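Heads up, the thing below is written out as structure tokens.
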């Protein structure tokens, strides 16, 4: 079932990069859009104003004061690249620090991608390293009461495909290690938006099957609804939205659908207003089953 809608502040980061708006300004916009749960990415968490315990507590006060709650904090990570250049213990300590930041801010989840690894890495060795890392980190997650969500975006690579991440999560059979399926893995090529991004000019793999999305859902309290370009009717033709939302509705597990509007990036539609387009994304997903503002209760 679809439990609620949330919003990644990434959807509105154009306001900071283009217009110099502060995070507080963006939180005001989120509140105005009628969303109460947010994901906060590391770009803002690293700002000088939020450093240290005093800074984090100030940030939590800013979030709470607007009637918002922090669903997740997002940090970019490249696990296997990191352990190639430094001891695994350093990565484990860094992940524990990320968990502590999430806990101090009141977040329920730390969300991280696995990264790409490096050329020549043996698949079995890479998987063993990932298992060892998470085995070392999960006790800290338990102590802090913050789960770890592994984001899986594109259906390519050796370690961060939906099937690979799902297999890793199943290895632990722990509610503290979950998968975060991103709609990007199910995007299909269109004439206006081929399957590539500015940071990776080569064509990426085609969409994963919907059946794989359904397999992920029992392990996915949060789903990333990445949306790129809506048409004149307010639909998103680059994803099988109806099939993805139908799978969530049929699921007996509660899911928060977190919107990531990414159409403002340089290789898509930087001239469009991210606030207006994010509001259209919210309206699109509400049309597909949300009731009221951002809360959704769909019985199966």
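The values are calculated or read from the model by the stated rules, or taken from the named source; none is laboratory data. From a predicted model like this one, the values you see are computed outputs, not experimental measurements. Backbone-built Cβ (ideal geometry, glycine too); neighbour counts: all protein chains shown.
Of the residues making up the range 1-22, those that are more than 17 Å from residue 107 (Cβ to Cβ), part of a helix (DSSP H, G or I) and under 19 Å from the mean Cα position of the chain (by Cα) are 11, 12, 14. Out of 199, 203, one residue alone is within 19 Å of residue 260 (Cβ to Cβ) and modelled with pLDDT under 95. It is 199.
Restricting 276, 233 to those that are over 15 Å from the mean Cα position of the chain (by Cα), surrounded by fewer than 19 Cβ atoms within 10 Å (Cβ to Cβ) and in a helix (DSSP H, G or I) reduces the list to 276.
Residues in the range 34-42 include at least one that is in contact with a helix residue (DSSP H, G or I) (Cβ under 8 Å, 6 or more places away or on another chain), assigned to a loop (DSSP other than H, G, I, E, B) and either exposed (fewer than 15 other Cβ atoms within 10 Å of the Cβ) or at pLDDT 95 or above (or both). Taking residue 97, is it under 30 Å from residue 216 (Cβ atoms) and crowded, with 18+ Cβ neighbours inside 10 Å? In short, no. Annotation: residue 104 fulfils all but one of (1) under 24 Å from residue 218 (Cα atoms); (2) surrounded by fewer than 21 Cβ atoms within 10 Å (Cβ to Cβ); (3) at pLDDT 90 or above; the unmet one is (1). Every condition in (1) over 16 Å from residue 94 (Cβ atoms); (2) crowded, with 17+ Cβ neighbours inside 10 Å; (3) at pLDDT 80 or above is met by residue 134 except one, and the failing one is (1). Within the range 116-125, at least one residue is at pLDDT below 90, crowded, with 20+ Cβ neighbours inside 10 Å and part of a loop (DSSP other than H, G, I, E, B).
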